[in-house]
Structures are given as C-alpha cells and as structure tokens.
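Since the structure comes first, as structure tokens, the remarks are kept for the end.
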Amino acid sequence: MKIVALAAVGITASLALTACGGSSSSDSGKSASGPKTGTIRLWLNGPDTPQSIVDYATAEFAKENPGSKVVFERQQWTGIVAKLTTALSSSSSPDVVELGNTDAQAFEAAGALKDLTADKAALGGDDLVQSLVDSGSFDGKFYGAPYYGGARVVIYRKDLFKKAGITATPTSTQEFVDDGIKLAQKNAATKDFSGIYLAGKDWYPSLPFIWDNGGDIATRTGGKWTGQLSSPGSITGLNVVKTIMDKASKAPKDGDGTKDYVAFCNNQVGMLMGPGWKVGQIIAKDGGCPKMADKIGAFALPGKTPGSLAPAFLGGSNIAISAKTKYPALSLSLLKIMTGDGYQKQMAALGLLPAKKSLLADVKGDSSVQAQAKAATNTRFTPESPNWAGVEASSTLPDMFVGIAKGKDVTAQAKTADAAIEAALNR
C-alpha cells in the first residue's frame, strides 16, 4: 500500500479550473451530461491494481457504453501530486484519476474534481468504507469514491505468546498492554526487546488509543479548527501510549518505525502495530526473514471495552472525476463499475480492502489480511482539511510523541502540538 504524504503547498493556486475544459477525445454528440460516446482516460497509480482487473473494467465499460472506450495510463506514486496538479489543470486532463487518501482533500478544495454528491448513493452510499468517504469529502460535498484501503493491525509472535503463557490474543486495551508488558518481562534477557514495539516518531499506531477514549487530533466548529490533543479523552489515550513506551517498548525513542521489521526478524519484538502488508515486509526474501512465516499471527487492535475494536487508521485511495472532463456521464459510468461488486470482489481477492463494508468478508489472504478486514469495520481518518498535509509534512506530531517517549509531561506536549495544528489548519 503506497500512501503519499502531500508536501506541495501551491495546489489551489495552480489549479485554475473552469467548468469546461479538455479531454483526449474529439468525439461529438453532446448531451446535458456531455458526449454520449467518446474515449476517456483513466489514471491509476502504482502496481496495486493488476492489469487483469483493469481489463475487466474496460470490457464492462465497453459493453455498457457501445462506441466508447477507456484508455488506461498507469502512473507511479513517486511525484504523483505534482503530476496531477499539472494534468488536472490542463486542457488534456485525464478523466478519471486515483488519489492517495492523504492527497485527496487538497485537490477537492482546489476545485480540481467533479462534485459527486448527487451520485454517492449510486456509487455505494452508506455501504462505502467511512474513513475513505471522509477523505473523499470536503466542505459537506462528496468528490472521491473509496477505491481500496489498508488498515493497521497488530502483528505478533505466536511462539513468544506461548512461551509467555499467553493463551489467546487480547480482547481489550488493558489486556493488550498487560500482554505487552508480560512479553517484555519474559524476554528481558534479549537486548532491546519490545513486548509492543512503538517508536517515538511513528505516530499512526497511537491514534487508536486517542480516538477510542473520545479524543481527537482537531475538530472544526463554525469554520475554525481547534486542537483536541490536550482534551481529556486524548490525554487518557496518550497516557496509554506513555505506558506502552515506558513499560513495554524498547524501540528507539526518536525512531520512525521504518526498521521495525528488522527488530522483528532479530527476535526483539513480541507485537507491533503496522499496516497489513507489514507481514510481507517481515518475511520478504530480500531483507526479511522468510523462515519466520509460521511464527507470525495478526489481530485487529482491541478497544477499551472488552470485545470491542479500537478505531483503526485506514490508509488507501480514492477515485474521482476531473472537473475538466468533457465526459462526465461516461466517467461516472466507469466509476460505478470500479466501485461495483464485480470489480471490488476481485480487489478483495488480492488481499486489498474493498470500497464497501459488505464486501470485507470477501478479502482473501493470511491472518494479517483477515485482521485488516476486521479492523476496517471501525476506522477513522485525520482532520478533513486541505491544510492537513502541512501538518503531516511537519514535525508537530513526531515531536509530541518523541517528547512523551523521553518522559516529558504529556499534557504540556499535547498543548504545544494543539497550538501548532491550529495555526496550520486555520491559516
């Protein structure tokens, strides 16, 4: 799963869009919804969507729209924000595009995408995975349909659980923390062993504890954003994080978590919280430890109430129609196919989380894939602001968690982060 952190600042200014615009086709026969026939261009990013599924979509489109066709152009995630910024403002804009969920709202706010609010029900409505609906929405309107996702789960060593006398995966936050501490104690002879590996700068794994206790990063009221990391619920969640860092983790206090799989392969990790594809990284032939495959299990992070799930951060992609398209009806036809059951079940068969909640049971794969599907039933997303990208590109959140890891006052660190987040979101 490739999720691009948006660092570009001038997107809104760069995308000077008009209601009309260009596409690659010169076909005529316009109606109120644009031409009835034509050639539309589809941009998808990276290798996540295999050609076989693209072929399915283009064949279905041709059947439903005689005389029309789709031209598919695969893009790379590296540099995609800049490329989309240029393409979506040009007279030769692609018609349907994939957007990383952390990128989407900047383009929505800039007017680069067609408003799909009236078409939301036809694209899946309430069955769509909510956190990807959130990233596809801006200012009360719906622009980007969910495409696929990847939820964070807990990856653990089954053999170390057994040796520590842990007979089942935890069913609550308290059990999760207690098991992590127990693993750390039972493996204290192993240098830098973490019962729960949690590096200081890696802030994504900590969000569920904040959300599950009623906290948040920031909320918007009357057009103004207010930081919420110092709210009572957030502080409760941050203190859970502090307990893990103090008693269960020996991960680097100023580390970013990118080398967690190395520690896992070195027998220094009992549990870690990461994206579902982390198992593949751990057992990769190149740089991983494939012989450990049979010792690895995964489960969805439990919530504070026994038997519940903590809200999981869901990364992924949205798919949208360019505001410049000459073919809105044809583009919408393709979008309906790509969010439809036939297409999405094929995505699920690859182990990707589909766009619809009703199809999560169709996800195929190992325990981490199954854990992702379960975690995806309760997901959250970062603040819905086009300025969020600036926060994510800054050191605000890593600095807060590094400070907590190093023993600084939790509330003071949270208040400092709130001030920085408010300044960024309200600019």
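Summary of values
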| read-out | value |
| --- | --- |
| Residue list for region 114-140, restricted to those being modelled with pLDDT of 95 or more and under 22 Å from residue 93 (Cβ atoms) | 114, 115, 116, 117, 118, 119, 123 |
| Selection count where residues are in contact with a Phe, Trp or Tyr (Cβ under 7 Å, 6 or more places away or on another chain) and either closer than 27 Å to residue 92 by Cα or of a type in the set (D, E, K, R) (or both), scope region 308-337 | 8 |
| Residue list for region 137-168, restricted to those being assigned to a loop (DSSP other than H, G, I, E, B), touching a Leu at 6+ places or on another chain (Cβ under 8 Å) and of a type outside the set (Ser, Thr, Tyr) | 164, 166 |
| Residue selected from region 273-324 under the condition aromatic (Phe, Trp, Tyr) and modelled with pLDDT under 95, by the criterion nearest to residue 201 (Cα to Cα) | 313 |
| Residue within region 403-410 that is under 26 Å from residue 103 (Cα atoms) and touching a residue at least 40 places away in the same chain (Cβ under 8 Å) present | no |
| Top-ranked residue of region 51-85 - restricted to ones that are assigned to a strand (DSSP E or B) and among the hydrophobic types (A, V, I, L, M, F, W, C), ranked as surrounded by the most Cβ atoms within 10 Å (Cβ to Cβ) | 70 |
| Whichever residue in region 86-99 is touching a Leu at 6+ places or on another chain (Cβ under 8 Å) and not polar (S, T, N, Q) and, among such residues, is farthest from residue 319 (Cα to Cα) | 88 |
| Residue in region 203-216 that is among the charged types (D, E, K, R) and over 23 Å from the mean Cα position of the chain (by Cα) present | no |
| Residues of region 187-207 satisfying the condition of being in a helix (DSSP H, G or I), in contact with a Gly (Cβ under 8 Å, 6 or more places away or on another chain) and not small (Gly, Ala, Ser) | 205 |
| Count - residues of region 159-198 that are among the hydrophobic types (A, V, I, L, M, F, W, C), over 23 Å from residue 293 (Cβ atoms) and surrounded by fewer than 16 Cβ atoms within 10 Å (Cβ to Cβ) | 2 |
| Residue that is assigned by TED's automatic domain parsing to the domain that holds residue 272 and in contact with a Lys or Arg (Cβ under 7 Å, 6 or more places away or on another chain), where the choices are 203, 225, 211 | 211 |
| Residue list for region 21-50, restricted to those being part of a strand (DSSP E or B), at pLDDT below 95 and among the polar types (S, T, N, Q) | 31, 45 |
| Search result, residues across region 282-306 that are surrounded by fewer than 17 Cβ atoms within 10 Å (Cβ to Cβ) and within 22 Å of residue 352 (Cα to Cα) | 284, 285, 290, 293, 294 |
| The listed residue being among the basic types (Lys, Arg) and under 21 Å from the mean Cα position of the chain (by Cα), out of 259, 247 | 259 |
| Selection count, region 345-355, where residues are in a helix (DSSP H, G or I) and either buried (at least 21 other Cβ atoms within 10 Å of the Cβ) or in the same structural domain as residue 156 (by TED's automatic domain parsing) (or both) | 2 |
| Meets criteria (surrounded by fewer than 20 Cβ atoms within 10 Å (Cβ to Cβ), without any contact (Cβ under 8 Å) to a residue 40 or more places away in the chain and within 25 Å of the chain's Cα centre (by Cα)) for residue 126 | yes |
| Those helices (runs of 4 or more DSSP H) lying entirely in region 356-415 with at least 3 residues more than 17 Å from the chain's Cα centre (by Cα), modelled with pLDDT of 95 or more and within 17 Å of residue 201 (Cα to Cα) | 396-405 |
| Any hit, region 221-243, residues being charged (D, E, K, R) and at pLDDT 95 or above | yes |
| Among (1) of a type in the set (Val, Ile, Thr); (2) in contact (Cβ under 8 Å) with a residue 24 or more places away in the chain; (3) assigned to a helix (DSSP H, G or I), the one test that residue 133 misses | (2) |
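The values are calculated or read from the model by the stated rules, or taken from the named source; none is laboratory data. Only a predicted model underlies this, so the values are computations on that prediction, with no experimental measurement involved. So basically every Cβ, Gly included, is an ideal-geometry build from the backbone, and we count neighbours across all protein chains shown.
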